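Take a look at the structure set out below.
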Amino acid sequence: MIDKKQTPFSGTIDSTVAKFPYQYRTLPIARLADLQEDIEKLRRTGQISDAEIFQGYVSQMSFSLPESFPKAQSIIILALSVPPRLFHCQYNGQHIPATMPSNYYEPGLTGKMLTETVQNEIIGAPGYQLKQVYTYHLKLLAVRSGLGRYGRNNICYVDGMGSFLTLHAYLTDYRFETDGWQEIRALELCQDCSICLEHCPMGAIRADNFVIDIKRCLPLYNEVQGSFPDWFPAGVHHTFMGCMKCQYPCPANRAALKQLGQLEDLTEEETRQFASGSPDEATILSVSQKLKVPYMVGSPETVDVACRNLKALLPV
């Protein structure tokens, strides 16, 4: 089969609300075994954290071929430029700044839009199956395919997007002829730079190892329910979920920082209701719409996390 779609590797999705540049790479299905060996090597050398929360994320993840798609021929890894958004919580006459990182809000793209883009622009031929997969380690897949590179902070960077992106993996029975397999690479900028290490308030980033100390990484704790550990530095929390402390000052994000946008601010009443831990349904709906987190409606667990996190943003 002639590979008609190996170049170009980029495009733009128009959601009618905003435009989202994307880049992609492909690998043959045979590379799943190599990708899984990368993970097994990390396990054998003790570099995958045994933290219970983290294991809850990764224990079910593997580079296996779904039984429902035995004829898959290629893997497509797609990076979508989705910049963080800023917002404020009004509280006691103050406007408390906060960030909504890329992976936590709905930017206006549907799964159908993404699937149609992959089908029409990347595969570019009718009659082929396409299946999105959620159990692959996406950062590793992106780096091995040549789409991205690791930063010292263990985050994936893509040229032109920095680290402000979301990753999506697909299997297809279309066979791309080119194998873009790459050695695991880090950003050249990281060789003589320690800015992220110096700005990490938790001490999670290491000088001698690009695998961070996940037990000290803020998102491990602020994405799930529960009280923050006593050893947390005061005032460390600054986002709806996740953390941006190592990404904002990163030289590889200087261009991407120009794309930051704004979400609607929370009112004094909305802030107070969430800080109380018991927002009413109308307030939950309003905040979910302002912050573009529709998954919060009908999810008491997410509301719980949002209440704790938003309260942590406020001055004591």
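When the criteria are applied in full, Arg185 meets the requirement of being under 22 Å from Glu37 (Cβ atoms) and surrounded by fewer than 16 Cβ atoms within 10 Å (Cβ to Cβ). Within the stretch 170-186, residues that are closer than 14 Å to Tyr24 by Cβ and touching a residue at least 24 places away in the same chain (Cβ under 8 Å) sit with their Cβ atoms under 8 Å from residues that are part of a loop (DSSP other than H, G, I, E, B) and aromatic (Phe, Trp, Tyr), at 6+ positions apart or across chains, in these pairs: Leu171/Phe69; Thr172/Tyr128; Tyr174/Tyr128.
Rundown of residues vs (1) in contact with a strand residue (DSSP E or B) (Cβ under 9 Å, 6 or more places away or on another chain); (2) of a type in the set (S, T, N, Q), yes/no style:
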site: His199; (1), (2): no, no
site: Gly203; (1), (2): no, no
site: Asn209; (1), (2): no, yes
site: Asp213; (1), (2): no, no
site: Glu223; (1), (2): no, no
site: Phe232; (1), (2): no, no
site: Gly235; (1), (2): no, no
site: His238; (1), (2): yes, no
site: Gly242; (1), (2): yes, no
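In the set Thr172, Thr166, Thr135, only one residue is of a type outside the set (Phe, Trp, Tyr), touching a strand residue (DSSP E or B) at 6+ places or on another chain (Cβ under 8 Å) and under 23 Å from Glu106 (Cα atoms); that residue is Thr166. Look at the stretch 141-157 and say how many of its residues are touching a Ser or Thr at 6+ places or on another chain (Cβ under 8 Å) and closer than 30 Å to Lys112 by Cβ. Total meeting the criteria: 4. The residue that is nearest to Val293 (Cα to Cα), among those in the stretch 213-261 that are in contact with a Gly (Cβ under 8 Å, 6 or more places away or on another chain) and among the acidic types (Asp, Glu), is Glu223.
The requirement of being touching an Asp or Glu at 6+ places or on another chain (Cβ under 7 Å) and hydrophobic (A, V, I, L, M, F, W, C) is fulfilled nowhere in the stretch 226-240; no residue meets it. Under the condition of being assigned to a helix (DSSP H, G or I), over 14 Å from Gln90 (Cα atoms) and among the β-branched types (Val, Ile, Thr), the residues counted in the stretch 238-289 number 2. Among the candidates Ala79, Ala98, the residue that is crowded, with 20+ Cβ neighbours inside 10 Å and over 22 Å from Pro294 (Cβ atoms) is uniquely Ala79. Please indicate, with yes or no, whether at least one residue in the stretch 52-65 is surrounded by 11 or more Cβ atoms within 10 Å (Cβ to Cβ), at pLDDT below 90 and part of a loop (DSSP other than H, G, I, E, B). Yes: the stretch 52-65 contains one or more residues that are surrounded by 11 or more Cβ atoms within 10 Å (Cβ to Cβ), at pLDDT below 90 and part of a loop (DSSP other than H, G, I, E, B).
If only residues of the stretch 211-268 that are among the aromatic types (Phe, Trp, Tyr) and at pLDDT 95 or above are counted, the one that is surrounded by the fewest Cβ atoms within 10 Å (Cβ to Cβ) is Tyr248. For the stretch 104-120, the candidate set comprises residues that are surrounded by fewer than 16 Cβ atoms within 10 Å (Cβ to Cβ) and over 13 Å from the mean Cα position of the chain (by Cα); within that set, the residue that is nearest to Leu291 (Cα to Cα) is Gly108. Of all residues in the stretch 209-219, at least one satisfies being assigned to a loop (DSSP other than H, G, I, E, B), of a type in the set (D, E, K, R) and within 26 Å of Gly151 (Cα to Cα). Filtering the stretch 116-150 to residues that are free of Cβ contacts under 8 Å to residues at least 24 places away in the same chain, assigned to a helix (DSSP H, G or I) and not acidic (Asp, Glu) leaves Gln119, Asn120.
The values are calculated or read from the model by the stated rules, or taken from the named source; none is laboratory data. Since we're looking at a predicted model, the values are computed, not measured. Positions of Cβ are backbone-derived with ideal geometry, glycine not excepted, and every protein chain shown enters the neighbour counts.
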